[in-house]
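Structure first, then comments.
The values are calculated or read from the model by the stated rules, or taken from the named source; none is laboratory data. Keep in mind that this is a model prediction, so the values were computed, not measured. For neighbour counting, all protein chains shown are included, and Cβ atoms are generated from backbone atoms with ideal geometry for every residue, glycine included. When the accessible area is computed, the model is the full protein with side chains, heavy atoms only, and any ligands, DNA or RNA have been set aside. Shrake-Rupley method; radii C 1.70, N 1.55, O 1.52, S 1.80 Å.
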Amino acid sequence: MRIDGSTPSYSAFSTQKKSAAAGSAFAASLDDFDQPVGEDTSGDEEGGSYDFSHMTPAEMRDLSTDLYDSGDLDLAQVLQLQLSGRPFGKIAADGTLLPLSEAESSAYDSTSQDFIGIASNAMDEIESQGRAADPASGYQSWQGILSVLNSLQVNGGVEDEA
């Protein structure tokens, strides 16, 4: 969840990283990424203004799109975050995949998750398979995601193992 206010929503249609042009209105809107945690919190936090260990998928969708627009994440990383842990549906008795109902999807979107844990676990799984050096494994992508999340985490995040 975002600690210091609401997050504006942007759209991600390009397939490459974006960077904000200096002096643009968009660049000015990104200034809040560097703002300290607001006065209404304890004030002892270090790092960023987000708590990725208690963030809903709906909040992550909005924020990951902002991180794409700012150039911090590429499109593949945004999709990894937005789809991580999200069920595609449920398996029917006959083995077919049924889509989630609107209520099930809404319940999932409002349930807090630990996105730093998700990224760390994905990296651990790839490492356990001995594929961390394989460019097709996604390890480097998860490593980049974890680095960005840690840099914006309220309490400074956790150390990535690589």
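Within the accessible area of region 49-100, what % is carbon and sulfur when the probe is 1.4 Å and the other protein chains stay in place?
Details: 1390 of 2300 Å².
Result for region 49-100: 61 percent of the exposed heavy-atom area is carbon or sulfur.
At what distance in nm do the modelled label points of ASN155 and LEU83 sit from each other, each positioned 7 Å from its Cα along Cα→Cβ?
Rounded to a tenth, the inter-label distance reads 3.2 nm.
For Cα pairs less than 8 Å apart in space and 6+ apart in sequence, what is the mean separation divided by the residue count of region 51-107, i.e. the relative contact order in percent? Don't jump to the answer; show the numbers that get you there.
On the way: 27 pairs, mean separation 12.0, N = 57.
With pairs under 8 Å counted, the relative contact order is 21 percent.
Applying the Karplus parametrisation 6.51 cos²θ - 1.76 cosθ + 1.60 with θ = phi - 60° to the phi angles of region 112-119, what ³J(HN,Hα) value in whole Hz is obtained for each residue in order, glycine and proline being reported as x?
Running phi through 6.51 cos²θ - 1.76 cosθ + 1.60 with θ = phi - 60° gives 4, 10, 9, 6, 5, x, 4, 5 Hz.
Sort the following peptides by mean Cβ neighbour count (other Cβ atoms within 10 Å, averaged over residues), highest first: 127-134, 115-122, 78-85.
Working: 127-134: 12.1, 115-122: 20.2, 78-85: 17.5.
Ranking the peptides 127-134, 115-122, 78-85 by packing returns 115-122, 78-85, 127-134.
Excluding ligands, DNA and RNA, what is the solvent-accessible area per residue of region 55-162 at a probe of 1.4 Å, expressed in Å²? Intermediate results must be reported in sequence, preceding the final value.
Details: 5350 Å² over 108 residues.
Heavy-atom SASA per residue in region 55-162 reads 50 Å².
Heavy atoms of the protein only, probe of 1.4 Å, neighbouring chains included. What is the accessible area of THR111 in Å², nearest 10?
Counting only protein heavy atoms, THR111 exposes about 70 Å² to solvent.
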